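S.K.: Could you have a look at this structure, given as structure tokens, before my questions?
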């Protein structure tokens, strides 16, 4: 079913640096930050809404992906 898809319902950019937030802000792309060092504020202070520590909690990671929005 997933082979040869030509479109997607949603595309989310996943990144870990301030430059990723900046790129998504400029391109108006939904963003999910991942910081395993616990420094979530380094992304949130730049406008990221959703930041997780890792993907260990799969349901939480999926929830954050689904609710991802462009940085403000």
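Every residue, every condition in (1) touching a strand residue (DSSP E or B) at 6+ places or on another chain (Cβ under 6 Å); (2) under 17 Å from residue 72 (Cα atoms), yes or no:
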site: 5; (1), (2): no, no
site: 8; (1), (2): no, no
site: 14; (1), (2): yes, yes
site: 46; (1), (2): no, yes
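S.K.: Sticking with this structure for a sec: Among the residues of region 18-41, write down those that are part of a loop (DSSP other than H, G, I, E, B) and in contact (Cβ under 8 Å) with a residue 24 or more places away in the chain.
M.R.: If the condition is that a residue be part of a loop (DSSP other than H, G, I, E, B) and in contact (Cβ under 8 Å) with a residue 24 or more places away in the chain, then 28, 29, 30 are the ones that fit.
S.K.: While we're looking at this one, here's another question. Filter region 42-70 for residues that are within 9 Å of the chain's Cα centre (by Cα), outside any helix (DSSP H, G or I) and touching a residue at least 24 places away in the same chain (Cβ under 8 Å); which is surrounded by the most Cβ atoms within 10 Å (Cβ to Cβ)?
M.R.: This residue is 48.
None of the figures in this text is laboratory data; all of them are computed from the coordinates on show. Here the structure is a predicted model, which means the values were calculated and not measured. Every residue, glycine among them, receives a Cβ derived from its backbone with ideal geometry; neighbour counts consider all protein chains shown.
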